[in-house]
Amino acid sequence: MVIVFVLVALLVLSVLVTGNWWVWRRLFRDTTRAPGAVRRAGVVVIAGGWALTVGALVAERAGAPFVLQRILAWPGFLWLALSLYLLLFLLAGELVRPLLRRLLDRRAGAGESVPSPEPGTAASAAPATATAGPRAHGGPSAAPGRTAALTADPPPAAPTPGAGDSGGPRPDLTRRLFVSRVVAGTAAAAAVGTVGYGTHSVLRGPGVKRVTVPLAKLPRAAHGYRIAVVSDIHLSPVLGRGFAQKVVDTINGTQPDLIAVVGDLVDGSVHDLGPAAAPLAQLRARDGSFFVTGNHEYFSGAGQWVQEVRRLGLRPLENARTELPHFDLAGVNDVAGEDEGQGPDFARALGDRDRARACVLLAHQPVQIHDAVDHGVDLQLSGHTHGGQLWPGSLVAELANPTVAGLERYGDTQLYVSRGAGAWGPPTRVGAPSDITVIQLASRQA
């Protein structure tokens, strides 16, 4: 097992090193004529960016001073996103590069001077006729010096800049540099623009989605019941109290009957992020606010955070269930808690319930749906996937999760997966906008 881990780690490291070398080559080496300050600056930028990324990750997990975490987090995590899109746009540029070269070569060919005439043509005979002219008309013979002057070869032309000799750069080299600079500049601009827009979309706060979910066992009196689902807020050295306030204001603005916080609230300790989470005390719903742990809570001191959210007025459901007037609401711990002996316990949460009543389950990860089906749950509410967060991350997320985002049915159980309100690592989303979802329950009896 250790050998497999080492081999996988070496493979990942090799891919990272090769990918970054290639990015440096396309951005800096191929766009310059010779080694110099620009190429050295490229090494510093790429190596320094990754040093900040690793430093940010290590500082967060090691519990470094919060000020240091904040200093490293912004540039380190943004570089992680920027390097991804630099690579993707440069790869796309490889498709454009040969087409652009071909276009420039064709234009250069169309602008060449008229080719020299072939030997034996009238144009080639003209100089000889001019030289022999006096003799042909019977005039006096030219003086020997004069004849030598007329018949000597003309001196070679001066080198023309750009002709490919020592007098200037070769045309093919100039065109190659031009193409490299166009592709590199376009890729860099596109990457910066993409990351900038994706970061702005996170920092402005999540939007609101509304989804109607019919439940066969829901009584008529509960028709239209609204549950505000929020997951993956990820309060951190990057997303702090101001972001939490935006999330709380957005949730309260939907006027829900119940609020469900389904894990990954934080990336850090209560000591560091307790002040950032304080706005959660302002959450308002008729039937209260409920919380279940996500995998990141177990990286951040789950026990302390459960106590903290309880102090803020949320009710943690730790493998527990509460009976609301018209349906059961249950919650299970995240699977990451198994390493601490606090994993999900479906039997404890659901084993003795009345299956004639509708049941809504809060479970952070979509993979828990199979246990939910076995225990007769009508609706599971989850997060965890972020919808992929950074495209093409959604393709990877699909390999690890039964549902990446939205509503799907598994047997008699429906699963809704939120894309989450915040972001982990880079405060950036591309192709997976953040959301708070208002689930409106519908009674088929109505």
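In this calculation the C-beta distance from Gln307 to Gln255 is compared with R0 = 30 Å, giving a FRET efficiency of 0.55.
Estimated at 0.36 nm per residue, the fully extended path between Phe5 and Leu203 surpasses their Cα-Cα distance by 67.6 nm. Overall, the stretch 205-443 carries a charge dipole of about 980 debye about its Cα centre when +1 sits on the Cβ of Lys and Arg and -1 on the Cβ of Asp and Glu, all other atoms neutral. Taking every alpha-carbon pair under 8 Å whose residues sit at least 6 apart, the chain reaches a relative contact order of 18 percent. Only helices enter the 222 nm calculation for the chain: every DSSP H run of n ≥ 4 contributes -39,500 (n - 2.57), and dividing by all residues gives -15000 deg cm²/dmol, rounded to 500. Note on the stretch 353-426: Cα-only Rg and Dmax are 13.1, 45 Å.
Counting every other Cβ atom within 10 Å of each residue's Cβ, Phe77, Phe28 order from fewest to most as Phe28, Phe77. Hey, how many Å between the Cα centroid of the stretch 312-328 and the Cα centroid of the stretch 230-270? Centre-to-centre distance over Cα atoms comes out at 18 Å. Applying 0.36 nm per residue to the separation of Glu94 and Asp374 and subtracting their alpha-carbon distance, the gain on full extension is 95.8 nm. If you plug the beta carbon distance of His271 and Thr18 into 1/(1 + (r/R0)^6) with R0 = 35 Å, you get a FRET efficiency near 0.30.
Values quoted throughout were computed directly from the atomic coordinates according to the rules given, and no laboratory measurement underlies them. Just so it is clear, the model here is predicted, and its values are computed rather than measured. Cβ atoms come from the backbone with ideal geometry, glycine included; neighbour counts cover every protein chain shown.
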